[in-house]
Amino acid sequence: MTNTPTQHRKVLIVEDDLEMCMVLDRVLTTTDQHVMVDWATSVDEAISRLQEKAAQSITRPYDLILADIFLEGQSTGIDLWKLCQEEFPDVPVVVTSSLPLEKFFALVGRGNIAPPFLAKPFQVGGCRQFLEGILSYGKAS
Amino acid sequence: MEKAALNLQLSLGRHERGLARSDHPVRSWMCYSLKNITMTETPCPPEVFIDPDILVLLPAYLLRRDADVLLLRKHIEVQDFESIRVIGHKLRGNGSLFGLDSISKTGEELESAAGDKDIFKVRKYIQELFEHLEKIKGRPQEDK
């Protein structure tokens, strides 16, 4: 699906660090003025938001979900990615973490498909380029 | 003194989303911070680069770190190392977002010291955080 310039892109940030939320929000909204950002601090809250949109028959509730791995509650950003793969396959999910890559792959499961990964700490410029690429491509995974 | 700082932080907190969205920069603060960051030598050297798009977030960020110092001092009084560790962990992650690697580094040390329940090191790194913040803001360091 190609977005027209005036069409709002919806991004869900799943992150429990306020500072990180605000920086990601800022990077997204300055990268594309038509981005609308929702926040959730846990996977459960993110799932509730997805279900709300699904109940309104919105087939692609978000154009991008950006999820930290370790969040409030038991579930991780990897769990959210797996759920989206099954329930919302059109929604690209990027996971972020300060985990070293080898631990990230161990968490996903060796030999399995891994979600796009944004390593922390990141430089704002690099993060912007990464997100621009994902949003312009329209589908990250 | 502490109460005033916390009130200011909370007051900004209520508006921070609007602040980020509406590009309302709290201009005097922004210029103040920018001027002092570029002029400060260590631990925030002149070559520190802050992305212009997130510069608007810096004043509120620094106020929240001031509040962190107050909280950390309260936590150390009751030896609440877990709360200190969590604050240290977050500092580690978010300082370098603003190019403030010294904050990230101190956060990492604080997280580690709190994990070890090393009260002397924890006190040392809380003081270090306080000094970093004062230098960044260009204020004279007057610790109690």
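The values are calculated or read from the model by the stated rules, or taken from the named source; none is laboratory data. Every value quoted in this text rests on a predicted model; they were computed, and no experiment measured them. Reconstructed Cβ throughout: ideal geometry from the backbone, glycine too, with neighbour counts over all protein chains shown.
Structure data summary
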| item | result |
| --- | --- |
| Those residues of segment A:96-125 which are more than 14 Å from chain B (Cβ to nearest Cβ) and surrounded by 15 or more Cβ atoms within 10 Å (Cβ to Cβ), in sequence order | A:Phe104, A:Phe105, A:Leu107, A:Val108, A:Ala114, A:Pro115, A:Pro116, A:Phe117 |
| Qualifying residue in segment B:92-101 (condition: part of a loop (DSSP other than H, G, I, E, B) and of a type in the set (A, V, I, L, M)) | yes |
| Subset of segment B:89-110 that is buried (at least 24 other Cβ atoms within 10 Å of the Cβ) and within 11 Å of the chain's Cα centre (by Cα) - its residue that is nearest to the other protein chains (Cβ to nearest Cβ) | B:Asn94 |
| Any hit, segment B:32-44, residues being under 19 Å from B:Ile136 (Cα atoms), buried (at least 21 other Cβ atoms within 10 Å of the Cβ) and at pLDDT 95 or above | no |
| Qualifying position, being surrounded by fewer than 17 Cβ atoms within 10 Å (Cβ to Cβ) and assigned to a helix (DSSP H, G or I), among B:Lys117, B:Lys124 | B:Lys124 |
| Residues satisfying the stated conditions in segment B:107-138, i.e. over 16 Å from B:Val86 (Cβ atoms) and of a type in the set (A, V, I, L, M, F, W, C) | B:Ile119, B:Phe120, B:Phe130, B:Leu133, B:Ile136 |
| Index of the failed condition, A:Val35 passing every other in (1) crowded, with 18+ Cβ neighbours inside 10 Å; (2) out of contact with any His (no Cβ under 8 Å at 6 or more places or on another chain); (3) not charged (D, E, K, R) | (2) |
| Hits in segment A:75-103 - residues which are assigned to a loop (DSSP other than H, G, I, E, B), of a type in the set (Val, Ile, Thr) and farther than 19 Å from A:Asp25 by Cα | A:Thr76 |
| Which numbered condition A:Ser48 fails, given (1) more than 22 Å from B:Tyr61 (Cβ to Cβ); (2) within 14 Å of chain B (Cβ to nearest Cβ) | (2) |
| Which listed residue is in contact with a Pro (Cβ under 6 Å, 6 or more places away or on another chain) and within 14 Å of chain A (Cβ to nearest Cβ), from B:Val56, B:Val86 | B:Val56 |
| Test: residue in segment A:53-68 that is closer than 22 Å to A:Lys120 by Cβ, surrounded by 15 or more Cβ atoms within 10 Å (Cβ to Cβ) and within 12 Å of chain B (Cβ to nearest Cβ) | yes |
| A:Gly77, sole failed condition from (1) within 14 Å of the chain's Cα centre (by Cα); (2) surrounded by fewer than 18 Cβ atoms within 10 Å (Cβ to Cβ) | (2) |
